[in-house]
Structure formats: C-alpha cells, structure tokens
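For reference, the structure discussed in these notes is given below.
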Amino acid sequence: MKLLRNGEIVDMPWRLQGADEPATAPIAVPQMQLVQSETPPPSNPAWVALVEPEDDPVELPASALERDAILIDFPSFTDGRGYSHARTLRHELGYRGELVAVGDVRRDQLEFMRLVGIDSYQCEADADVDDLNAALTELRPDA
Amino acid sequence: MYHYPVEERALLQRRVDQFRGQVSRYLDGKLDEDEFKQLRLRNGLYVQRHAPMLRVAIPYGVLSSTQLRTLADIATKWDRGFGHMTTRQNIQYNWIPLEDTPDVMQALADVDMHAIQTSGNCIRNITTDPLAGASRDELEDPRPWCELIRQWANFHPEFNWLPRKFKIAVSGASHDRAAVEVHDIGLRIKHNAKGDTVFDVYVGGGLGRTPHIGKQIAHALPADDLLSYLEAILRVYNRHGRRDNMYKARIKILVNALGLATFQEQVDAAWQQTRQQVPTTDHATVADLKAQFAVTLPARDAVPLDALQAETGDAFTSWYKQNTQAHKSPGYRSVFISLKHPGQPAGDITSAQMQLVADLSDQFSQGELRATHDQNLVLAHVAEADLPALWTALGPAKLAYANINTLTDMIVCPGLDFCSLANASSIAIWDQINATFDNIDYLHDLGRITVRVSGCMNACGHHHVADIGVLGVEKKGVEWYQLTLGGRSTEGARIGKRLGPAIAKDRVAATVEDILAVFAEQREPDESFNAFVERNGVTPFKERVYEAAA
Ligand code: SF4
C-alpha cells in the first residue's frame, strides 16, 4: 500500500487492519478500540489512531494526540465525514502532527482533503506522481 | 450590475480546465463510471431518459443581457434551440452531448457563468427574491448576502460530500418570495434596534417524500457571524445526517429525529469551533457588493394606467394588472414575463425568445433580468412610460400572456416525458388544465391560485406548497393523481392537505373545475383560495369531488 507524502509516493508506513505491511510497522488502531480499552496500546510496537466516519475525534484519548500522525478513514469516496474530522482535529483539538487520508482516496478528492488540513494520502502503487501533485492545487493553488 | 472579481474569474477558468480533464480521463477509460458520475454531478451534468441533462447555475436568479445571449447561443449551437427554467432559478438543457460539455462550460465561463454544484450532494444554488432591489416591501437587498454565501459554499472543501443535497434561500423583504421556510436553511434578513443587519435562521424545511416546514433555530443572528453559523449547521449535518438511506438523508430528518433543542445544542457546540476558524463577515466586501448590486435609475415621470391605456387597450390593461408590480422608485414597475404560454411546455424558453428578452432588457431594464422560482422571468426596472412599447414587443413572441399568479402559471416538473424517476406524466396535466381553463378573464376573477404538478414523490414540482397540488402516482401501471389543497410557501408556510383518493388521469382538470366551483360559490368577498381552505379545510371540496365521481 502506498502513500503520497511530501510530493512523493512512498510505502505506507503504518499497518492498517488486514493490510500486508511488515509486522514491524506501527499499527493503526481504530478510535473505537482506543476508547473502549482501559489502557492505550503499549508504545512498542508503535501505533497511531485511525479515526472512522462514525467517530467523534473529540473523544480521542490524549495519548493519540501525542503521536506523530493520525489516520482518517474514508471507506467510500462519497462519505464526507472525514473532512469534518480533519477540521475538528486541526481547529478544535489543535493537532499539529501529520493527518493522513486512508481508504477510498481518489485523485479528484485530494485538493479538498488538503484544504481541510490533511497532509498525506493513500494512493495506488502505479499512480502518476506528477498528476497527483497537480491534483492537489487544481482549483485553489494559493490556499 | 455585479460582475465577478478577477480572482473568481480565475477560479472559474481553473474549474473549466479541471472539468475538461475529468471528461477526457473518463472518455479514455481512466475514470470509472461511479466516480465520474459524482464529479459530473457537481458540474450539473445528469444522465436522463433521453440524453445528458446540463443544469447551468443562475446564482440567486440574476442574469445580465450578455449572459442570457450566451444561454441562447448554447441552446442554438449545442441543444435543440431551447432551455428550461428550473425552480431553483437555474436553466437546464436536455440534449448536449457529453463530449461537448467542456466547450459549453468554457462558453459559460467567458461570461462569468458556470454549473458549479447545481447537482450532487453538496450546497446547491442559493436562491432569493426575484424582485430583489426593486420591491417596495424590501428591507435590504438580499443579493450581496447571497453572493457572500455563494463564494463560501462553492468548492467548500468540507461540504462537497454531504449526506444529501443542501438548499439555502435568502429573503430580504417583508413578503417572503423566496420560500425560506421550505429550505434546508432559510435566512430572513431583519434589522435590529440599532439598524444593523441580522438574520432569522430557519432549518430543516423541505419538500420531497416527507415535507417539513423549517424551524427557527436562531433569532437575530448578527451579520458578523453568518458564515461561521452556517458552517456550524453544515458540520453537524455532515457528521450526523443519515447516510444509510437516501430518502432519510436530508437535514430535515436529522432535525426531526433529534428535536430542535438538541440539534440547536449541537450546532452551538460546533459554532464555538467554527467561530475560531471562519473569519467574521468582512463589511468592506459587503459594502462593495451592495454598491455593485444597486442600480441607479434615471428619474422618470410616473404615468398612471389610465394614460397608458389610452394608447393601448384592454389587453394591455389586463397584462399590466396581472404581470407588472409596483416598484420602489416612482415612475417604474417590475414586469413578469410568463413562460407559461399554452402550447409551450411550462418554463421552456426558445433561443429566439432569449435573444428578444436580452434585447428588451437592454432597452428597457438596465440590461439585467431575473429568473423566478416559479419558472418565469422578470425585468425588474421598467419605466412606466415604456410599458406599452415593451408589451407590444413581447406579444408576438408569446411572452405577454397575462397569467402571472393565476391558475395556469403552474410549476410543472419534467415528469414521465423526461425524468427516469417519474410515476406519471406532468406535462399531460399541464396541457389538460390549459385546454380546460382557456378563458383568461375567468382566471383573473379567481385571483391568486397556485397549481403545481410533480410526477412522483420527489416533489420537484413543489406540489406540497401549492393551493392545488397534483402528485402523479402509479397503480398497476396506470397513472393516477393525488390532490392536495391549501399549501403555501410564503411566510407562515404550510403543507397542503390531502383531498382524498387519487383521481384518474383524464379527470384531473374536471376535478380542479369542481374545486373552483365550490370556492366560487362559498368564498367570502375577496377571500383568497388559500384563506378559504384554511377556514374550511378540505371537506366542502371532498363532498363535491367524490360525490360527482360516485
Ligand atoms: S418530481 Fe419526480 S418525476 Fe418530477 S422531476 Fe422530480 S423526480 Fe422526476
């Protein structure tokens, strides 16, 4: 699984559920699991939170906001809840780490994801990196 | 007249280029059907029964003569020589080939027009009073606020994938001609004690399968907070609106499920957040917009009807009484151009008619015109002395039919003839009613009566808020029509009451005749149809209609 990050296509650095990333990669833990378990996951192996559409990011445990990244799940490209989650993370929770869009993330969605504060985007291994980068600034290059 | 600033123009051009890219990727097989569908919808492009349908935005219904000429040219060059005005003050074309749509978008962008968010689950065209800036009962011109909201809503990154479509209307007059109570969000402009602009905010109104009248969620919202408050409502809706069932996905369902108080609490909580993030209203921008929307009319002498009549005759008089309205400036009137001429589909306008209206608006109305919510056009600022000349020019083009606000000024959805969702024909009912009620004097005697027809429960014809609503239903492959009475969309909006069992297709106009006969016999002097139904309910009509059928 690949990620568009800082203008380049890199390997997905986190292990998503059921994905084929190496066992040493930090694991992405769904918010629901983080909230339900009494103790947050141990830091070894490292983990990041995965916010799903039904979640309210305001309820994330403080430990999740201390991690370098938070993943936002877009199970379908027509489900726009993740955009509001990104805004909440940035503006209400003041999260300054990396926000990552995972799931059904498509070229023509990238710009609006960028505009709500998302930094990195799941993509296909054979994606055209120049085209993806161009997609990020098609409408509002100055915003 | 207002024109887009350079940044908006540049944005429009980038949108055209982006759309051209999307169409070419689709035609090259690089974009799948589902994804392209969602992208084209956000550019107003549907696939209908016969061909793609392109819906072009007319923001808050205001057009320049240049823009109308472009719409006429598009109809001639790419369509079959006509367009169809919609109830969201937009225009639709029905036959434009997909490959040509990027060129159409370019032609539109060249005159500051577009099809942004005219369909899809996003914030749609902002609608308002077609007499904005001209009517006597206006407190404040709503168009600067509409434009501010349009700029905020177009390409809003957070709200492009809502649970369902989202419609906003703004009214700035004491009489609500924008139907704000039947919109997802309705805004009514008020002035507070200090004379500052504030907004009463209604939420959760809407028609469709489960009609609801909007509930007032905020009183006297300061203008400073307008966009942050809208953003808060949209955020709550985006997060919590239902996404599992498209028929329960509109904000009205959420507001009703939570109850207004709980919904309001959630909006207030979200507002704490959006207030930090969305800048307060920039009053310099608003002042600039106000200045651009305002027209300076040359002083003209008031000319009473008697004097005008002397040079024209009775037909002119009835057109004057029915199709023109008082203007806030002495010596001027606002003129409605009816697109409901019998024999022409309701709301359709040909290229030649568009060209003529564009020329007449240059000649008589400051080069500006309006599309109305009930699918007509308005020349808002016509000098009284020019009315006979205007009327004379409109007549031969079938544009001076004096039926505004009468029974035959109907809203008719495309129905079975064009729409793949339809249960029944709407146009057949339009033809039937026109054939039955062809005496214009009788229509004038009846006074203001709205008739609206929808070909299925989706209610695009807004039948719920008509005096006489007609809904097409299908039973065992046969078309039937369900009638409702006494609805209204103006202040104090109401959903019409069901008359009784559905009526056979060939009896719809006859049933309307029965209903009107009851009204004529039993009304108080000068009582409107709407007031009559409010006073009596549907019982007197029921007796006549179903007794006749039995
Ligand atoms: S009301 Fe139904 S038939 Fe009429 S246009 Fe809407 S979806 Fe089509």
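The values are calculated or read from the model by the stated rules, or taken from the named source; none is laboratory data. All figures in this text were calculated on a predicted structure; none of them were measured in a lab. Heads up, the Cβs are rebuilt from the backbone with ideal geometry, glycines too, and the neighbour counts pull from every protein chain shown.
For the reader, a short list of remarks on this structure follows.
- Residues satisfying the stated conditions in region B:211-223, i.e. of a type in the set (Val, Ile, Thr) and touching a Phe, Trp or Tyr at 6+ places or on another chain (Cβ under 8 Å): B:217
- Pairs linking a residue in region A:111-140 that is away from chain B (no Cβ under 13 Å) to a residue that is of a type outside the set (Ser, Thr, Tyr) and part of a helix (DSSP H, G or I), with Cβ atoms under 6 Å and 6 or more positions apart or on different chains, are A:121/A:110.
- Close pairs from region B:410-428: first under 23 Å from residue B:443 (Cβ atoms) and among the β-branched types (Val, Ile, Thr), partner assigned to a helix (DSSP H, G or I) and within 8 Å of the ligand (Cβ to nearest atom), Cβ under 7 Å, at least 6 apart: B:427/B:415
- Scanning region B:78-94 for residues that are out of contact with any Phe, Trp or Tyr (no Cβ under 8 Å at 6 or more places or on another chain) and either among the basic types (Lys, Arg) or over 15 Å from residue B:62 (Cα atoms) (or both) yields B:81, B:82, B:88, B:92.
- Top-ranked residue of region B:424-435 - restricted to ones that are among the aliphatic types (A, V, I, L, M) and more than 9 Å from the ligand (Cβ to nearest atom), ranked as nearest to the other protein chains (Cβ to nearest Cβ): B:427
- Apart from one condition, residue B:421 fits all of (1) within 16 Å of the ligand (Cβ to nearest atom); (2) crowded, with 16+ Cβ neighbours inside 10 Å; the exception is (2).
- Just one of the listed residues (B:397, B:380) is surrounded by fewer than 20 Cβ atoms within 10 Å (Cβ to Cβ) and either over 21 Å from residue B:502 (Cβ atoms) or away from the ligand (no atom under 16 Å from the Cβ) (or both), and it is B:397.
Per-residue answers, yes or no, for (1) surrounded by 20 or more Cβ atoms within 10 Å (Cβ to Cβ); (2) touching a residue at least 40 places away in the same chain (Cβ under 8 Å); (3) within 29 Å of residue B:274 (Cβ to Cβ):
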{"position": "A:35", "(1), (2), (3)": "no, no, yes"}
{"position": "A:42", "(1), (2), (3)": "no, no, no"}
{"position": "A:45", "(1), (2), (3)": "no, no, no"}
{"position": "A:52", "(1), (2), (3)": "no, no, yes"}
{"position": "A:74", "(1), (2), (3)": "yes, no, yes"}
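- Residue satisfying all of: in region B:515-535; in contact (Cβ under 8 Å) with a residue 60 or more places away in the chain and in contact with a strand residue (DSSP E or B) (Cβ under 7 Å, 6 or more places away or on another chain); surrounded by the fewest Cβ atoms within 10 Å (Cβ to Cβ) among these: B:530
- Qualifying residue in region A:45-54 (condition: under 23 Å from residue A:96 (Cβ atoms), of a type in the set (Asp, Glu) and outside any helix (DSSP H, G or I)): yes
- Some residue of region A:73-80 being away from chain B (no Cβ under 12 Å), modelled with pLDDT of 95 or more and part of a loop (DSSP other than H, G, I, E, B): no
- Residues that are surrounded by 23 or more Cβ atoms within 10 Å (Cβ to Cβ) and among the basic types (Lys, Arg), drawn from region B:145-163: none
- Count of region B:181-238 residues, restricted to those that are surrounded by fewer than 21 Cβ atoms within 10 Å (Cβ to Cβ) and of a type in the set (Lys, Arg), is 4.
- Criterion (within 16 Å of the ligand (Cβ to nearest atom) and in a helix (DSSP H, G or I)) met by exactly one of B:464, B:444: B:464
- Residue match in region B:131-147 (condition: in contact with a Ser or Thr (Cβ under 7 Å, 6 or more places away or on another chain) and under 22 Å from residue A:74 (Cβ atoms)): no
- Cβ-Cβ distances below 8 Å connect the following pairs, each with a first residue in region B:442-469 that is within 23 Å of residue B:505 (Cβ to Cβ) and of a type in the set (Lys, Arg), a second residue that is in a loop (DSSP other than H, G, I, E, B) and near the ligand (Cβ under 7 Å from one of its atoms), and a separation of six or more residues or different chains: B:452/B:461.
- Within region B:447-459, considering residues that are buried (at least 24 other Cβ atoms within 10 Å of the Cβ) and within 6 Å of the ligand (Cβ to nearest atom), the one nearest to residue B:322 (Cα to Cα): B:454
- Any chance residue A:29 is surrounded by fewer than 23 Cβ atoms within 10 Å (Cβ to Cβ), outside any loop (DSSP other than H, G, I, E, B) and under 11 Å from the mean Cα position of the chain (by Cα): no
- Residues that are of a type outside the set (Gly, Ala, Ser) and within 19 Å of residue B:546 (Cβ to Cβ) do occur in region B:449-469.
- Unique residue being closer than 21 Å to residue B:411 by Cβ, within 16 Å of the ligand (Cβ to nearest atom) and not aromatic (Phe, Trp, Tyr) when the list is B:473, B:533: B:473
- Subset of region B:401-418 that is of a type in the set (A, V, I, L, M, F, W, C) and either more than 10 Å from the ligand (Cβ to nearest atom) or at positive phi (or both) - its residue that is farthest from the other protein chains (Cβ to nearest Cβ): B:402
- Condition met for residue B:362 (more than 14 Å from chain A (Cβ to nearest Cβ), closer than 30 Å to residue B:95 by Cβ, in contact (Cβ under 8 Å) with a residue 40 or more places away in the chain and away from the ligand (no atom under 16 Å from the Cβ)): yes
- Filter result for residue B:129 (crowded, with 22+ Cβ neighbours inside 10 Å and of a type in the set (Asp, Glu)): yes
- Selection from region B:168-184 of residues that are assigned to a strand (DSSP E or B) and polar (S, T, N, Q): B:171
- Pick from region B:95-126, criterion more than 14 Å from chain A (Cβ to nearest Cβ), of a type in the set (Val, Ile, Thr) and outside any helix (DSSP H, G or I), ranking: nearest to residue B:53 (Cα to Cα): B:96
- Filtered by the rule that a residue be among the hydrophobic types (A, V, I, L, M, F, W, C), within 27 Å of residue A:82 (Cβ to Cβ) and more than 14 Å from chain A (Cβ to nearest Cβ), region B:149-196 gives B:149, B:168, B:185.
- Hits in region B:6-50 - residues which are surrounded by 15 or more Cβ atoms within 10 Å (Cβ to Cβ), under 30 Å from residue B:296 (Cα atoms) and more than 11 Å from every other protein chain (Cβ to nearest Cβ): B:8
- Sole exception among (1) within 13 Å of the ligand (Cβ to nearest atom); (2) in contact with a helix residue (DSSP H, G or I) (Cβ under 8 Å, 6 or more places away or on another chain); (3) modelled with pLDDT of 90 or more for residue B:482, by number: (2)
- The condition of being part of a strand (DSSP E or B), away from chain B (no Cβ under 12 Å) and not β-branched (Val, Ile, Thr) holds for residue A:99.
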